[in-house]
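One structure below.
The values are calculated or read from the model by the stated rules, or taken from the named source; none is laboratory data. Since the model is a prediction, treat every value here as computed from it, not as a measurement. The area values use the complete protein model at the heavy-atom level, side chains included, leaving out ligands, DNA and RNA. Shrake-Rupley method; radii C 1.70, N 1.55, O 1.52, S 1.80 Å.
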Amino acid sequence: LAKTTQPISMDSYEGQEVNITCSHNNIATNDYITWYQQFPSQGPRFIIQGYKTKVTNEVASLFIPADRKSSTLSLPRVSLSDTAVYYCLVGNTGGFKTIFGAGTRLFVKA
Amino acid sequence: DAGVTQSPTHLIKTRGQQVTLRCSPKSGHDTVSWYQQALGQGPQFIFQYYEEEERQRGNFPDRFSGHQFPNYSSELNVNALLLGDSALYLCASSLLDRGLMGELFFGEGSRLTVL
């Protein structure tokens, strides 16, 4: 399983775009990259998943360069309610032993 | 469509006691994974069940055991509780798909406090 490295914390202001980068230097050919969001005392929630290039959904975009050794989660125009911990995960089997790292604590200020 | 449900939501035990936590997966899901999350840390993988069998296990002692029933629901049992077992226990369900890292759906968790 590929190890991931993320910043421990980030600060932002409402309305700004936030980019959280995750490093995964030993990602395997058939690994996918997945991001989860977690609020205090709740279970993590799936945000977005991708394999290469760019993926966009209604809440976020995921940018993956050609070498796939890193990925960037982009949250457009964050609000106070986006204050949470964001986890980057790398793996290739349906939920099989999915490993979470320490995550990035995002603080959105008014 | 009900999501993942866990019970109880909160419970308090004393050292040496045993606890059973329960999880009902999202409708249509066949795989259940259990995680332990200590305060301020990321979820730590305990084990995963599929077809009523433990498929993979994380770095947890044998005091942690589980079971999956024919209806895909699952239980997590912890024996001889230690103070360090105090944590939020999360259940996640998914569809087994060997070709894709399937989305995990988490419950709200069971908060265990060991005194």
Highest-MSF residue in chain A out of A:TYR87, A:TYR13, A:TYR36 [GNM, Cα springs under 10 Å]: A:TYR13
Cα-based reach from A:LYS52 at 16 Å (exclusive), listing lysines while leaving out same-chain residues under 8 positions away: A:LYS69
Extension reserve of the B:LYS13-B:ARG111 stretch, reckoned as 0.36 nm per residue once the Cα distance is removed: 34.2 nm
Summed buried accessible surface, chains B and A, 1.4 Å probe, nearest 100 Å²: 2100 Å²
Whole-percent carbon and sulfur share, accessible surface of the protein assembly as shown, 1.4 Å: 50 percent
Value in Å of the Kirkwood radius, where the protein assembly as shown supplies the Cα pairs that are averaged: 18.0 Å
Rel. contact order, % - alpha carbon contacts under 8 angstrom, at least six apart, chain B: 36 percent
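Using the heavy atoms of the protein chains and a 1.4 angstrom probe, tell me the accessible area per residue for the stretch B:1-89 in square angstrom.
50 Å²
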Accessible area in square angstrom per residue, chain A, 1.4 angstrom probe: 49 Å²
